[in-house]
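The values are calculated or read from the model by the stated rules, or taken from the named source; none is laboratory data. It should be emphasised that the depicted structure is a prediction, and the values quoted were computed from it without experimental measurement. Note that we place each Cβ from the backbone using ideal geometry, even for glycine, and neighbour counts take in every protein chain shown.
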Amino acid sequence: MDIEKLLNQLKSLSPDKQIENLKALKENATPKEKQLIQLAAEDAGQPWLKSALLDIANSGKVTVKYTNKSSGTDEIFDKNAIKSEAVSDSIGQVLHELEPIIGSIRVFAEKEISNFPQSRTKSELEKLDEVLETFEDWRKVEQSPVFREVKVLEEISKEKDRIAPKSIVEIQIDVSNDLTYILSPALLRIIISNALRNAVESSNQPTVREKHPIIVRGSSTDNSIWFSIIDDGIGLQSKTDELLKSRHTTKPGNRGLNRPVFARDSIT
């Protein structure tokens with residue numbers, strides 16, 4: 001197999017053809033060819049291509065042979081894939097059980113607690129909702145990513161519309177409408193959602209300063225795509241070295257240092 005020739009051919013194809021060829025390569029590559037593919041992945045350049053090649057190289061590496069007693073045939077299973085599927089299913093079951101319970105608590109609390117919209121109970125229920133969102137994101141990560149050509153602005157706008165009602169400051173998006181990239185929409189949404197939630201929590205904290213908008217920026221280079229979420233939150237209130245040595249955080253009630261030092265989340 002001429003890996004260099006293969007990569008050059010892939011880069012000249014349309015996104016749909018690239019995906020088609022990569023799927024065929026994954027199905028047909030021999031163990032020896034997968035070793036060559038793994039070496040080539042390090043120099044692939046584009047992150048999506050590197051990820052796809054590593055996926056091919058690692059496919060089937062950890063397997064379990066099981067003899068089906070009813071048919072007497074041997075079946076081969078990918079142990080890592082089975083593990084991820086089990087984790088995803090378990091998280092899905094937890095969410096299935098918890099969501100209606102939390103919904104019922106909210107209904108009863110709205111009826112039984114005076115001034116519920118300004119109560120601490122409402123604030124705690126919102127934190128529970130965020131925990132459920134985190135578990136849902138985890139479930140998505142455990143599933144095999146599906147790469148396709150995505151209009152980046154559309155995906156970011158969806159997350160902005162979902163999170164904006166929780167923010168007391170405006171969220172502005174500075175991303176070209178023409179920016180498209182081959183990536184996993186689910187993973188992109190997880191990244192943007194997490195960074196926006198952090199920015200909103202920081203910006204919502206009381207301050208005597210005039211509050212400025214949260215700004216989402218993004219663009220691409222020849223071989224990567226980047227984003228930055230810039231907020232005007234209060235940032236770290238203690239010396240950075242003290243916070244890093246402790247369990248302190250800028251988020252009340254949370255554990256660990258959850259925000260970058262310069263109140264800026266950058267993803268490449």
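Annotation for region 29-39: no member residue is surrounded by 12 or more Cβ atoms within 10 Å (Cβ to Cβ) and in contact (Cβ under 8 Å) with a residue 60 or more places away in the chain.
Whenever a residue of region 204-228 is over 16 Å from I173 (Cα atoms), its partners that are at pLDDT 85 or above and surrounded by 14 or more Cβ atoms within 10 Å (Cβ to Cβ), lying with C-beta atoms within less than 7 angstrom and at least six residues away or across chains, give the pairs N204/S167; K211/V169; K211/S203.
Residues checked against (1) among the hydrophobic types (A, V, I, L, M, F, W, C); (2) modelled with pLDDT of 85 or more:
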{"site": "E75", "(1), (2)": "no, no"}
{"site": "E99", "(1), (2)": "no, yes"}
{"site": "S104", "(1), (2)": "no, yes"}
{"site": "F116", "(1), (2)": "yes, yes"}
{"site": "R120", "(1), (2)": "no, yes"}
{"site": "E136", "(1), (2)": "no, no"}
{"site": "K140", "(1), (2)": "no, no"}
{"site": "L153", "(1), (2)": "yes, yes"}
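Evaluating V200 against the criteria (1) surrounded by fewer than 20 Cβ atoms within 10 Å (Cβ to Cβ); (2) within 22 Å of the chain's Cα centre (by Cα) leaves one unmet condition, (1).
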